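To start, the structure itself, in C-alpha cells.
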Amino acid sequence: MARFRLSRLAQADLARILATSAERWGTEGQRRYAAMLADAIRKVAAEREGPITRARSELAPGLRSLHTQYSRAEVRKAKVRRPSHILYYRTTAPGLIEMVRVLHERMDPSRHLRGRAPH
C-alpha cells in the first residue's frame, strides 16, 4: 500500500465537506461521510490504477480520479446513501500518492485542475 499526503487544497476541500456534512446531517452523518472518504483514500493508496479509478490526463499529466460511490458498499459502519465527491490524485514519487483535490461531482474539474500543478 502506498503512502499518501493531502495537498493544501485537498485539506481545505475535506474541511469544507465535513463542515457541510455536520450542518446538513449532524455529527453522526459527518462521522459516516468522513469514514467513507477515508475508505476511498485507502482504496487509492492500495490500488492507485485499479479498475474503479480513471485516468484524467485531459486535466493534468498523471492525474487520476476515484468517485466516492465506489467506497460506500464496503463501509457498513459508514453507510452513506449517495456519496457525491470525487478524489483527484497523482503519484508524486514511488510509493507516494498526493490527493490533489476532493470535488463535488457537479463541479467542473477543469475549472479547478486544468493546466495547474496542484500543491
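The values are calculated or read from the model by the stated rules, or taken from the named source; none is laboratory data. Not measured: the values here are computed from a predicted model. Glycine also receives a Cβ, built like all others from the backbone with ideal geometry; neighbour counts cover every protein chain displayed.
Give me the residue from the range 36-72 that is in contact with a helix residue (DSSP H, G or I) (Cβ under 9 Å, 6 or more places away or on another chain) and of a type in the set (Val, Ile, Thr) and, out of that set, nearest to Leu14 (Cα to Cα).
Across the range 36-72, the extreme among qualifying residues is Thr68.
Among the residues of the range 30-42, is any of a type in the set (S, T, N, Q) and modelled with pLDDT of 95 or more?
The answer is no, given that none of the residues of the range 30-42 is of a type in the set (S, T, N, Q) and modelled with pLDDT of 95 or more.
Could you check Ser21 against (1) in contact with a Gly (Cβ under 6 Å, 6 or more places away or on another chain); (2) surrounded by fewer than 17 Cβ atoms within 10 Å (Cβ to Cβ) and say which number it fails?
Here Ser21 clears every test but (2).
Among the residues of the range 26-57, write down those that are in a loop (DSSP other than H, G, I, E, B) and either buried (at least 16 other Cβ atoms within 10 Å of the Cβ) or in contact (Cβ under 8 Å) with a residue 24 or more places away in the chain (or both).
Arg48, Thr53, Arg56, listed by residue number.
Tally up the residues in the range 20-48 that are among the acidic types (Asp, Glu), under 21 Å from Ala2 (Cβ atoms) and over 12 Å from the mean Cα position of the chain (by Cα), please.
So the count comes out to 1.
Working only within the range 26-64, note down all residues that are among the β-branched types (Val, Ile, Thr) and over 22 Å from Leu113 (Cβ atoms).
Scanning the range 26-64 gives a single hit, Thr27.
Here's a check for you: in the range 62-89, which residue that is of a type outside the set (A, V, I, L, M) and loosely packed, with under 10 Cβ neighbours inside 10 Å is modelled with the highest pLDDT?
Arg82
Here are some residues: Leu59, Leu103, Leu96. Which one is at pLDDT 90 or above and within 20 Å of Ala2 (Cα to Cα)?
Residue meeting the stated conditions: Leu96.
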